[in-house]
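Asker: This structure is in structure tokens; I'll ask about it shortly.
The values are calculated or read from the model by the stated rules, or taken from the named source; none is laboratory data. Keep in mind the model is a prediction, meaning the values are calculated, not measured. In this analysis, Cβ positions are derived from the backbone assuming ideal geometry, glycine residues included, and neighbour counts consider all displayed protein chains.
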Amino acid sequence: MKKKVSVIGAGNVGASLAQMIVQSAIADVVLFDIADGIPQGKALDISEACPLWGSSSSILGTNDYSHTENSDVIVITAGFPRKPGMSRDDLLHANAKVVSDVVENTARLSPNAVIIVVTNPMDVMAQVSLKVSGFDSRKVIGMGGVLDSARFRTFVAWELSVSPEDVEALVLGGHGDLMVPMPRFTTVKGIPITELLSKDRIDALVERTRHGGAEIVSLLKTGSAYYAPAAATYQMVKAILFDEKRMLPCSAYLDGKYKTNGIYTGVPVILGSGGGEKIIEIELNEQESIDFEKSVAAVKLLVSKLNS
Ligand code: APR
């Protein structure tokens, strides 16, 4: 029997992710949304592509949570993207309500699942998901670092005219403007970019990475990025389903590591069938520590706003 992935939210990110999973036939998918007809229509469309893809995976579109029962992985993409006139706080509260509702309805039906949180502000939504699910913290992880690193890799590859495949990058901290791209751990076939690029160029690429999401929002005008977010989430889903033990930057619950307690933020994590099985702790230099603490403080502020 195939593994089962429930994707909650059949919008741009959710539907793109569902497509990638079904096209590559790594699992069966349940695509859930509150909007009547949307998950059903998108699932039917994807199903009709299966003969062309040569895929044996199935996809069910639904408004009924009972169909998500016994999922191996639950991906939460449900929520509102920011609209003009909407404050960050509005988004925080609105999406916290959506995510709480989703977790309440899915966690009890799939007690052994790993939950991947995509909805923004993601680190805070991961914290909400942990609390509402009551799951072990290794079973609740957030998608941010894989996407931010992919953006950094892309910009480095363009700068050096090399294949993006040969660029590895690491981005730590919260999935927001204060994320911490790590140039000394960003390499081209093992060569740190600090050996290949000037400080000014590296700073420019770091800035572009930090605002990578906003750059796309400003181009699209309605809605936010979804191809790369879906591809990043796909990599995490696959690592869990196949117990790959990939080391990927993910938002994980820090309980003392990185001198940080009781908060979700982006760090290198070993991903396998147990979820975020192990957090890898690296020594940060002085500037990196300052930047990391600032980023964590921003996540903490949002958590306290939510709780107040
Ligand atoms: N339960 C289930 N689905 C919901 C709920 C809910 N309570 N509330 C909203 N949704 C659904 C919407 O009906 C919509 O189909 O969530 C979907 C969101 O899709 P989009 O608006 O297309 O947003 P998308 O671009 O996919 O982004 C989703 O991921 O990257 C983040 O910042 C992004 O928080 C956003 C999330």
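Asker: Pairs only if they're at least six apart or on different chains, beta carbon under 9 angstrom, first in segment 292-308 and farther than 28 Å from L170 by Cα, second surrounded by 20 or more Cβ atoms within 10 Å (Cβ to Cβ) and not acidic (D, E); list them, first residue then second.
Answerer: Cβ pairs passing all conditions: K305/V124; L306/A96; L306/V124; L306/Q127; L306/V128.
Asker: Taking the conditions exactly as written (at pLDDT below 95 and either within 14 Å of the ligand (Cβ to nearest atom) or in a helix (DSSP H, G or I) (or both)), does D200 satisfy them or not?
Answerer: Values: at pLDDT below 95: no; either within 14 Å of the ligand (Cβ to nearest atom) or in a helix (DSSP H, G or I) (or both): yes.
So D200 does not fit the description; no.
Asker: Keeping to segment 116-137, report how many residues are without any contact (Cβ under 8 Å) to a residue 60 or more places away in the chain and among the aliphatic types (A, V, I, L, M).
Answerer: 2
Asker: Given the structure, is A228 under 20 Å from V13 (Cβ atoms) and of a type outside the set (S, T, Y)? Break it down stepwise before answering.
Answerer: Values: under 20 Å from V13 (Cβ atoms): yes; of a type outside the set (S, T, Y): yes.
In short, yes.
Asker: Oh, and also: Can you tell me which residue among P183, P164, P192 is surrounded by fewer than 22 Cβ atoms within 10 Å (Cβ to Cβ), closer than 28 Å to V118 by Cβ and touching a Pro at 6+ places or on another chain (Cβ under 9 Å)? Let's see the steps before the verdict.
Answerer: Working: P164 fails: touching a Pro at 6+ places or on another chain (Cβ under 9 Å); P192 fails: closer than 28 Å to V118 by Cβ.
One residue alone meets the criteria, P183.
Asker: Go through segment 3-62 and give me each residue that's part of a loop (DSSP other than H, G, I, E, B) and either within 27 Å of L220 (Cα to Cα) or within 10 Å of the ligand (Cβ to nearest atom) (or both). Explain how you work it out, then say what you get.
Answerer: Here is the first cut: in segment 3-62, the ones part of a loop (DSSP other than H, G, I, E, B) are 3, 9-11, 25-27, 33-37, 54-58.
Of everything in segment 3-62, those that are part of a loop (DSSP other than H, G, I, E, B) and either within 27 Å of L220 (Cα to Cα) or within 10 Å of the ligand (Cβ to nearest atom) (or both) turn out to be G9, A10, G11, D33, I34, A35, D36, G37.
Asker: What are the residue pairs meeting all of these: first residue in segment 14-35, first residue more than 18 Å from Y65 (Cα to Cα) and among the small types (G, A, S), second residue within 11 Å of the ligand (Cβ to nearest atom) and in a helix (DSSP H, G or I), Cβ atoms under 7 Å, and 6 or more apart or on different chains?
Answerer: If the second residue must be within 11 Å of the ligand (Cβ to nearest atom) and in a helix (DSSP H, G or I), the pairs left are S16/Y227; S16/A230.
Asker: Let me confirm something: among S110, S129, S87, S133, which residue is at pLDDT below 95 and either within 12 Å of the ligand (Cβ to nearest atom) or closer than 25 Å to A35 by Cβ (or both)? It would help to see each step written out before you state the result.
Answerer: On the way: S110 fails: at pLDDT below 95; S129 fails: at pLDDT below 95; S133 fails: at pLDDT below 95.
Result: S87 is the single residue among S110, S129, S87, S133 that is at pLDDT below 95 and either within 12 Å of the ligand (Cβ to nearest atom) or closer than 25 Å to A35 by Cβ (or both).
Asker: Among (1) over 25 Å from S6 (Cβ atoms); (2) surrounded by fewer than 18 Cβ atoms within 10 Å (Cβ to Cβ); (3) at pLDDT below 95, there is one condition G212 misses while meeting the rest; what is its number?
Answerer: (2)
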